[in-house]
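Data block below; observations after.
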Amino acid sequence: MKKYKLTDLSLIELIKKGKVGVLPTDTLYGLVGLALKNRAVKKIYRLKERTPSKPCIILISQIKDLKKFAVKVSQVDRKILKKIWPGKVSMVLPCPEKKFFYLHRGTKTLAFRLPKKRSLVKLLKKTGPLLAPSANWENFSPAENIFQARKYFGDNIDFYVSGGKMRSKPSTLVIIKDGKLKVLRQGAVKI
């Protein structure tokens, strides 16, 4: 299998075609695919052996990307987002649109993260938003390197991008309730 870098045009084309693979995010290795391609999302759930009712985090390149998911952000919410983004914080936001059921899984919410890692944001600008759960089977430890990711997924995915050893915590998961941040999962950023 060919080795890719986040800046490779051939990697960008693979992702745009709906292919699924492993790459380093700003926190952990992620099992990624286009969030707006139902086929890629289904493959990620199957490979990860993820609980079907559990949504995944979506990586975006800018706050404007939320519109692609019919997510409306109030002025208060926008101020909070600008304080925590870019960074290792994933925000749960309402997404009531039926056409995004394949993403929100009936929860009518989606979690988004705007990473700080420049090479990743550059990739996201070229591919569009990526569904990016950690690279592991559900209830197993996240892969810390490509070799561990290969043990999980082998040749069942389309690409691997190495970023060396990654031992970060997952992103901190938050939601806005009554104009204040509520932590749902404490992770890489202490809130």
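The values are calculated or read from the model by the stated rules, or taken from the named source; none is laboratory data. Note that this is a predicted model, so its numbers are computed, not measured. Don't worry about glycine lacking a Cβ; one is built from the backbone with ideal geometry, like all the others, and counts go over all protein chains shown.
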- request: Give the residues of segment 104-120 that are aliphatic (A, V, I, L, M) and under 26 Å from ARG150 (Cβ atoms), sorted by residue number.
  value: LEU120
Lone qualifier among SER168, SER141 - being modelled with pLDDT of 95 or more and surrounded by fewer than 17 Cβ atoms within 10 Å (Cβ to Cβ): SER141
task: Starting from segment 139-158, take each residue that is in contact (Cβ under 8 Å) with a residue 60 or more places away in the chain and within 16 Å of LEU28 (Cα to Cα) and list its partners that are among the basic types (Lys, Arg) and not in a helix (DSSP H, G or I), counting only C-beta distances under 7 angstrom and pairs at least six apart or across chains.
output: GLU144/LYS165; GLU144/ARG167; ASN145/LYS165
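Residues are listed down the side, and each one gets a yes or a no for (1) outside any helix (DSSP H, G or I); (2) in contact (Cβ under 8 Å) with a residue 60 or more places away in the chain:
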| position | (1), (2) |
| --- | --- |
| LEU14 | no, yes |
| GLY18 | yes, no |
| GLY30 | yes, yes |
| VAL41 | no, yes |
query: When only residues in segment 93-131 that are out of contact with any Phe, Trp or Tyr (no Cβ under 8 Å at 6 or more places or on another chain) and aliphatic (A, V, I, L, M) count, which is nearest to LYS72 (Cα to Cα)?
result: ALA111
message: Quick check on my filter: what residues within segment 77-96 are part of a helix (DSSP H, G or I) and not hydrophobic (A, V, I, L, M, F, W, C)?
response: ASP77, ARG78, LYS79, LYS82, LYS83
message: All but one of (1) in a loop (DSSP other than H, G, I, E, B); (2) in contact with a Cys (Cβ under 7 Å, 6 or more places away or on another chain) hold for SER53; state the number of the condition that does not hold.
response: (2)
- request: Would you check if ASP77 is farther than 19 Å from GLN186 by Cα, of a type in the set (Asp, Glu) and modelled with pLDDT under 95?
  value: yes
- request: Report, by residue number, each residue of segment 141-185 that is within 18 Å of the chain's Cα centre (by Cα), closer than 20 Å to PHE112 by Cβ and of a type outside the set (Val, Ile, Thr).
  value: PRO142, SER168, LYS169, PRO170, SER171, LEU173, LEU184, ARG185
task: List every residue pair whose Cβ atoms sit under 6 Å apart, with the two residues 6 or more apart in sequence or on different chains, where the first one lies in segment 66-83 and is farther than 24 Å from LEU34 by Cα and among the charged types (D, E, K, R) and the second, anywhere, is surrounded by 11 or more Cβ atoms within 10 Å (Cβ to Cβ) and modelled with pLDDT of 95 or more.
output: none
- prompt: If you scan segment 31-48, which residues turn out to be closer than 15 Å to SER134 by Cα and not hydrophobic (A, V, I, L, M, F, W, C)?
  reply: GLY33, LYS43, TYR45, ARG46, LYS48
